[in-house]
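> Let me give you the structure first, and then I'll get to my questions.
The values are calculated or read from the model by the stated rules, or taken from the named source; none is laboratory data. This is a predicted model, so every value here is computed, not measured. Cβ placement follows ideal geometry from the backbone for every residue including glycine, while neighbour counts extend to all protein chains displayed. Just so you know, the surface numbers come from the protein's heavy atoms only, side chains and all, with ligands and any DNA or RNA stripped out. Shrake-Rupley method; radii C 1.70, N 1.55, O 1.52, S 1.80 Å.
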Amino acid sequence: MTDECIFCRIAEADLPAHKVFEDDLVIAFLDLHPIREGHALIIPKQHYPWFEDLPEITAARIMAVGQRLGRAMKREWGVERVSFFYTGIHVQHAHAHVVPMFHRHDVSSARYLEDGIEAFSLPPSPGGAALAQTADRIRAQLAEAG
């Protein structure tokens with residue numbers, strides 16, 4: 001853990017997050033600036049800067065949790081597909097994104113590069129109350145599926 005890492009601080013419960021899943025290795029929580037409603041991040045509890053640094057067991061757990069979240073998102077939002085991808089743009093702590101896709105361009109670079117290649121544009125945050133409601137919906141779907 002590093003004190004400067006926001007995801008380490010979330011893993012240690014030093015910062016709040018709208019958690020939708022947690023076990024001994026990983027935590028999944030809602031992105032504060034979601035691409036679409038339901039956009040979740042999955043992080044390892046231990047600090048690993050990049051996805052290629054992850055131990056295989058942790059990487060496999062992140063994928064398995066991503067699949068569970070994807071199935072829950074499909075049920076909750078009635079979407080045909082859910083995207084799963086790793087990036088390392090803003091936080092140097094390995095993390096996967098799981099996003100219900102309402103439109104085929106929901107996760108395309110064009111959506112974020114309107115201001116030019118050096119100016120990545122964050123989507124607006126829906127706010128704490130909306131995120132709490134979305135987290136409840138995902139947790140309910142996960143509980144229903146077992």
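> Which GluC sites (Glu not before Pro) does the range 1-30 hold that lie in a coil by DSSP with at most 10 other beta carbons within 10 Å?
Values: sites: E4, E12, E22; in loops: E4, E12.
Of the GluC sites (Glu not before Pro), the ones in loops of the range 1-30 whose Cβ has at most 10 other Cβ atoms within 10 Å are E4.
> Related question: Let me see the P(r) profile for the chain: every Cα-Cα distance counted, bins of 5 Å, each bin given as a percent of all pairs.
With 5 Å bins starting at 0, P(r) equals 2, 10, 19, 23, 22, 16, 8, 1, 0.
> Out of residues 5 or more away from K45 or on other chains, whose amide H comes under 5 Å of its own, with H placed 1.01 Å from N in the peptide plane?
Distant-sequence amide H within range of K45: V26, I27.
> Do any GluC sites (Glu not before Pro) in the range 34-81 lie in a DSSP loop with no more than 10 other beta carbon atoms within 10 Å, and if so, which?
On the way: sites: E37, E52, E56, E76, E80; in loops: E37, E80.
Sparse-neighbourhood loop GluC sites (Glu not before Pro): E80.
> What do you reckon, how do D3, D23, D53 stack up by accessible area (1.4 Å probe), largest on top?
D3, D53, D23
> Let me ask something else. Quick one: net charge of C5's neighbours, Cβ under 15 Å, K/R +1, D/E -1? If you can, show how the numbers build up before the last one.
Values: positive: R9, K45; negative: D3, E4, E12, D14, D53.
Residues close to C5 contribute a combined charge of -3.
> While we're on this one: Hey, what's the chain come to in accessible area per residue, 1.4 Å probe, Å²? Numbers along the way, then the final one.
Working: 8120 Å² over 146 residues.
On a per-residue basis, the chain sits at 56 Å².
> For the pair A60 and E4, how long in nm is the line joining their label points, each one 7 Å along Cα→Cβ?
Placing both labels 7 Å beyond Cα along the Cβ direction yields 3.4 nm.
> Another one. Among H33, H105, H47, whose mean-square fluctuation peaks in a Gaussian network model of the chain (Cα, cutoff 10 Å)?
The residue that fluctuates most here is H105.
> I've got another one for you. At a 1.4 Å probe radius, carbon and sulfur cover how many percent of the accessible area of the range 1-74?
Result for the range 1-74: 52 percent of the exposed heavy-atom area is carbon or sulfur.
> Over the heavy atoms of L25, what accessible area does a 1.4 Å probe trace out, to the nearest 10 Å²?
Looks like 40 Å² after rounding.
> With every protein chain in place, what's the accessible area of S83 (1.4 Å probe, Å², nearest 10)?
Accessible surface of S83 is approximately 10 Å².
> Suppose accessible area is computed on protein heavy atoms with a 1.4 Å probe; arrange T134, T2 from highest to lowest. Present the calculation step by step, with values, prior to reporting the outcome.
Values: T134 10, T2 45 Å².
Heavy-atom accessible area, descending, gives T2, T134.
> What does the charge count around E76 come to, taking other residues whose C-beta lies under 11 Å from its C-beta (Lys +1, Arg +1, Asp -1, Glu -1)? Before the final figure, lay out each step's value.
Values: positive: R71, K74, R75, R137, R139; negative: E37, D136, E144.
Around E76, the surrounding residues sum to +2.
> Could you tell me whether the range 11-50 comes out rounded, prolate or oblate from its Cα gyration tensor? Rule is a ≥ b ≥ c as square roots of the eigenvalues, rounded for a/c under 1.5, then prolate if a/b exceeds b/c, otherwise oblate.
prolate
> Moving to a separate point now. Skipping prolines and chain starts, which residues have an amide H placed within reach, meaning under 5 Å, of the one on L32, given they are 5 or more residues away or on another chain?
none
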